[in-house]
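Reviewing the structure listed below.
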Amino acid sequence: MPAYTYALLLTIILGLLTNIIRFKGKGWFNRYIVTAGSAVTIVCIDFLYPPLDIEWFILLFIGIGVIAFRLYGTIFTNVLAVGYMMSRDIPFEWIEMTVYPLFAVSLAFLMNYIDKLRCQRQRRLDLSLHAFKQLNIFREVSYKIQQTRTEDQVLQIMLTAVTAGYGFSFNRAAVFLFSEDGNYLKGEMATGPLTPEEGFKTWQVIAENKYKLNDLFRMKETENSLDHPLNEKVRHLSLRLTGNTIAEQAVQKRRPIICRRIIENDPMMKRLKSTLQMKEFAVIPFFHQQGDIGVMFIDNPVSKKRITEEWVDQILPLTHQASVALYQSQLYKRIEEMAKKDGLTGLFNQWIFQEDIERYLLTKKQRPVSLILLDIDHFKVYNDTNGHLLGNDVLIQLADMLGSSVGTSGAAYRFGGEEFALLLSETSLVDAREIAEKIRDLVEKTVFPSESSQPGKRLTISVGVSSTEIDRSMKAAQFIELADEALYEAKNSGKNKVVATEEYVL
Amino acid sequence: MSGFSIISLGFAFLLTVLLTGRYFYFQEIRSTARRNMKELEVELEKIDCSFEQLVYFITLPSHLPITENAAKEDIHLKYDVEQGMFPRLIGLKVYIENRKDTLMIAYLSMEQFRIPMLDRLYAREEMTKETYRKIASAKMMSSGTHKEIIDEVYHQLKVGQFDMGG
């Protein structure tokens, strides 16, 4: 076999050996081994098959050195190549003096250009992955938010999206909303672990069961949360606003702030560190056109991943969407209350009364339901004498008394004008009569403004009581009619008294 | 030997290194992972991994003809490997391929591919980043993981990523 074939075989074997060894270590080990492999190949060929034009073969070593170490490789390989040639007494001509450095520098520039292309490609890929992921999350969050009307559900959806792996992958997130007086941020809801170990357990469960974002939403909805302790802790936490805390700065600037280390002068940071062990976190304000709602804190105590501006920026559209949804849910709640409650007294209105009575009669057939109807005696006289404004005050005062008298067993309603109703579940006629009598007595003893103008010098009420004990198959209209007739009887028989249906029927 | 022969030897070395690099890189990952898993007394196939970071480039469930008519066999995986002297697994591309068309529908980045058990060891400083990466790469390269990913992608194509019905 000719020498060339042996040399070729040897080169290939050395190339294979280089590859077998170089991946066993870290990146730098790989680079050193491949450069060393080329050097060993050159030396072996030079020693085994002299004389040959080893000057050209040295270009291989220089090339690989440059690919592996760029600028350092350029210098290092050129110096070594010249040193080797001198040690082997190889005549050093002008061609080597110019070709080696020229080749090395050109290759270094080329590699630099390739590196740039690679970086750009990687950056483009990262950006597209982020963008598509963000789009997918928004799609899901928007769909979920459309289905909900309550503040709690909006917060749950947002926190899950921020912390889930399918979402933005932050380890923890806690939402604090401004208190009514604006002096505090009150802990509302949180998701994530209290300790790293707890975080790993949760993470393991999620991976084992291959939970998706929607599974996590569902678990939150059914309160089968994997991170209850943090939520409990945050719900009992209030952060005092002293004027220049990190949260206030974020709210004033209406932009997120990343806290890289705890500043002892900021009491809020100290509190977050002592209670939630937050060391590095971001605070993101919640606001909408009408005002500020609160803030969200996010951190990574488990993965210890650095919170970057890029990732925080990605969450912002989600927090804006959640802020609007929160505002809308607050509006919805207010409108719902306005629709259900009487604007003057704050008691439930006639519409809710009708709904409730139907529901009570339908669902509580096995237990007695009682109804108390009451009316202020001579209220027209009161209004004519004292004016409607004072009359309204009396209605409010009486409504407060009824609200506190009914307790948890039922509800109080403004039935219309100066007439009120109390619907009592699981209450017998005897017990209802007793409650009615207590209320009548309380009203009689209570001092109302300008009540001396009333006949009898006191403001009194007449009360009618009925119960399903009399007839369990009664319909709502019949039930109300019976109580109304009892009330009519109380009015007709002298006022300021209680008449129960049983007495009236009998 | 002539100057040409000597240059061809240089090319031979370079080609050997370049052409077999990927093979030896994958082999090394597999053997390192096997060794490490033996030390940890766990089987690579049995450790749980997460596909949470599998990013889809299409709306799910998709109504594109190529995805709507796709069978499980049409879903193919391709490694995304950094080319050149120093090969490195950087991700996994998910394609739908049929006779007419090929469409890349999802991508799982190696950087984002997380394994809870390894995360715990890494956080406790019982594992280096390099070892984590090698084991995670081996997990990504395992046939069991490929099957799981294909099942997952097929399910998403048919049902939707977020199971909107819920």
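The values are calculated or read from the model by the stated rules, or taken from the named source; none is laboratory data. Since the model is a prediction, treat every value here as computed from it, not as a measurement. Neighbour counts run over all protein chains shown; Cβ positions are idealised from the backbone, glycine included.
Just name the residue that is nearest to the other protein chains (Cβ to nearest Cβ) out of those in segment A:61-75 that are crowded, with 20+ Cβ neighbours inside 10 Å and either under 18 Å from A:Pro91 (Cβ atoms) or not small (Gly, Ala, Ser) (or both). Taking the candidates together, the pick is A:Ile67.
Of all residues in segment A:245-262, those satisfying the criterion of being surrounded by 12 or more Cβ atoms within 10 Å (Cβ to Cβ) and either not assigned by TED's automatic domain parsing to the domain that holds A:Thr319 or not small (Gly, Ala, Ser) (or both) are A:Thr245, A:Ile246, A:Glu248, A:Gln249, A:Val251, A:Arg255, A:Pro256, A:Ile257, A:Ile258, A:Cys259, A:Ile262.
Somewhere in segment B:31-44, is a residue under 29 Å from A:Tyr113 (Cβ atoms), crowded, with 18+ Cβ neighbours inside 10 Å and either under 21 Å from the mean Cα position of the chain (by Cα) or more than 8 Å from every other protein chain (Cβ to nearest Cβ) (or both)? Within segment B:31-44, not a single residue is under 29 Å from A:Tyr113 (Cβ atoms), crowded, with 18+ Cβ neighbours inside 10 Å and either under 21 Å from the mean Cα position of the chain (by Cα) or more than 8 Å from every other protein chain (Cβ to nearest Cβ) (or both). In summary, strands (runs of 3 or more DSSP E) completely within segment A:180-265 and bearing 2 or more residues that are closer than 30 Å to A:Ser142 by Cβ and either in contact with a helix residue (DSSP H, G or I) (Cβ under 7 Å, 6 or more places away or on another chain) or modelled with pLDDT of 85 or more (or both) occur at A:184-191, A:257-259.
Per-residue answers, yes or no, for (1) out of contact with any strand residue (DSSP E or B) (no Cβ under 8 Å at 6 or more places or on another chain); (2) closer than 30 Å to A:Ile157 by Cβ:
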position	(1), (2)
A:Leu331	yes, yes
A:Lys340	no, yes
A:Gln350	no, no
A:Thr363	yes, no
A:Arg367	no, no
A:Gly387	yes, no
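Scanning segment A:19-33 for residues being facing chain B (nearest Cβ under 7 Å), touching a Phe, Trp or Tyr at 6+ places or on another chain (Cβ under 8 Å) and either buried (at least 18 other Cβ atoms within 10 Å of the Cβ) or not in a helix (DSSP H, G or I) (or both) gives a total of 3. In summary, A:Phe287 fulfils each of the numbered conditions (1) in contact (Cβ under 8 Å) with a residue 24 or more places away in the chain; (2) farther than 17 Å from A:Ala174 by Cα with the single exception of condition (2). Could you go through segment A:98-111 and let me know if any residue there is farther than 30 Å from A:Gly65 by Cα and within 11 Å of chain B (Cβ to nearest Cβ). No; the residues of segment A:98-111 include none that is farther than 30 Å from A:Gly65 by Cα and within 11 Å of chain B (Cβ to nearest Cβ).
Can you tell me which residue is farthest from the other protein chains (Cβ to nearest Cβ) among those in segment A:293-312 that are loosely packed, with under 13 Cβ neighbours inside 10 Å and not in a loop (DSSP other than H, G, I, E, B)?
Among them, the one singled out is A:Glu309.
Going residue by residue through segment B:63-83, is there one that turns out to be buried (at least 16 other Cβ atoms within 10 Å of the Cβ), within 12 Å of chain A (Cβ to nearest Cβ) and not acidic (Asp, Glu)? So far as segment B:63-83 goes, no, none of its residues is buried (at least 16 other Cβ atoms within 10 Å of the Cβ), within 12 Å of chain A (Cβ to nearest Cβ) and not acidic (Asp, Glu).
Kindly check whether there is at least one residue in segment A:148-159 that is part of a helix (DSSP H, G or I) and within 11 Å of another protein chain (Cβ to nearest Cβ).
No - not one qualifying residue is present in segment A:148-159.
For segment A:49-60, a tally of residues being without any contact (Cβ under 8 Å) to a residue 12 or more places away in the chain and either crowded, with 21+ Cβ neighbours inside 10 Å or of a type outside the set (D, E, K, R) (or both) returns 4.
Evaluation of A:Ser128 against the conditions (1) on the phi < 0 side of the Ramachandran plot; (2) more than 9 Å from every other protein chain (Cβ to nearest Cβ) shows that the sole unmet condition is (2).
A single member of A:Val283, A:Val324 is of a type outside the set (Ser, Thr, Tyr) and surrounded by 20 or more Cβ atoms within 10 Å (Cβ to Cβ), and it is A:Val283.
Being at the interface with chain B (Cβ under 9 Å from one of its Cβ atoms) and among the polar types (S, T, N, Q) is the filter; apply it to segment A:1-18 and report the residue that is nearest to B:Ala12 (Cα to Cα). It comes out as A:Thr11.
Looking at A:Gln134, is it out of contact with any helix residue (DSSP H, G or I) (no Cβ under 7 Å at 6 or more places or on another chain) and either farther than 30 Å from A:Cys44 by Cα or not assigned by TED's automatic domain parsing to the domain that holds A:Val40 (or both)? No. B:Met117 meets each of the listed conditions (1) in a helix (DSSP H, G or I); (2) modelled with pLDDT of 95 or more apart from (2). Can you find a residue that is of a type in the set (S, T, N, Q), surrounded by fewer than 21 Cβ atoms within 10 Å (Cβ to Cβ) and farther than 15 Å from B:Gly21 by Cα anywhere in segment A:38-48? Scanning segment A:38-48, I find no residue that is of a type in the set (S, T, N, Q), surrounded by fewer than 21 Cβ atoms within 10 Å (Cβ to Cβ) and farther than 15 Å from B:Gly21 by Cα, so the answer is no. Yes or no: A:Glu208 exposed (fewer than 15 other Cβ atoms within 10 Å of the Cβ) and either facing another protein chain (nearest Cβ under 8 Å) or in contact with a Lys or Arg (Cβ under 7 Å, 6 or more places away or on another chain) (or both)? Considered against the rule, which asks whether it is exposed (fewer than 15 other Cβ atoms within 10 Å of the Cβ) and either facing another protein chain (nearest Cβ under 8 Å) or in contact with a Lys or Arg (Cβ under 7 Å, 6 or more places away or on another chain) (or both), A:Glu208 comes out as yes. When we screen A:Ile54, A:Ile58, A:Ile114, A:Ile95 for residues that are more than 59 Å from the chain's Cα centre (by Cα), more than 23 Å from A:Leu17 (Cβ to Cβ), β-branched (Val, Ile, Thr) and within 12 Å of chain B (Cβ to nearest Cβ), the only hit is A:Ile95. Kindly provide the set of residues from segment A:437-463 that are in a helix (DSSP H, G or I) and of a type in the set (Ser, Thr, Tyr), ordered by number. Passing the criteria: A:Ser452, A:Ser453.
Out of the residues in segment A:450-470 meeting the condition of being exposed (fewer than 13 other Cβ atoms within 10 Å of the Cβ) and at negative phi, tell me which one is nearest to the chain's Cα centre (by Cα).
A:Ser452
Checked against (1) more than 15 Å from A:Leu422 (Cα to Cα); (2) of a type in the set (A, V, I, L, M, F, W, C); (3) more than 51 Å from the chain's Cα centre (by Cα), A:Val499 passes all but a single condition, namely (1).
Take the residues in segment A:401-436 that are assigned to a loop (DSSP other than H, G, I, E, B) and at positive phi; name whichever of them is surrounded by the most Cβ atoms within 10 Å (Cβ to Cβ). Ranking the candidates gives A:Glu426 first. Out of B:Ala106, B:Ala123, B:Ala136, one residue alone is buried (at least 19 other Cβ atoms within 10 Å of the Cβ) and either among the hydroxyl-bearing types (Ser, Thr, Tyr) or within 12 Å of chain A (Cβ to nearest Cβ) (or both). It is B:Ala106. Hey, any hits in segment A:391-405 for a residue that's within 19 Å of A:Ser467 (Cα to Cα) and at pLDDT below 90? Yes; the residues of segment A:391-405 include at least one that is within 19 Å of A:Ser467 (Cα to Cα) and at pLDDT below 90.
Among the residues making up segment A:266-279, those that are polar (S, T, N, Q) and either at pLDDT below 90 or surrounded by 13 or more Cβ atoms within 10 Å (Cβ to Cβ) (or both) are A:Thr275, A:Gln277.
Taking the criterion of being farther than 15 Å from B:Gly144 by Cα, part of a loop (DSSP other than H, G, I, E, B) and among the hydroxyl-bearing types (Ser, Thr, Tyr), the residues of segment B:43-93 that qualify are B:Thr59, B:Ser62.
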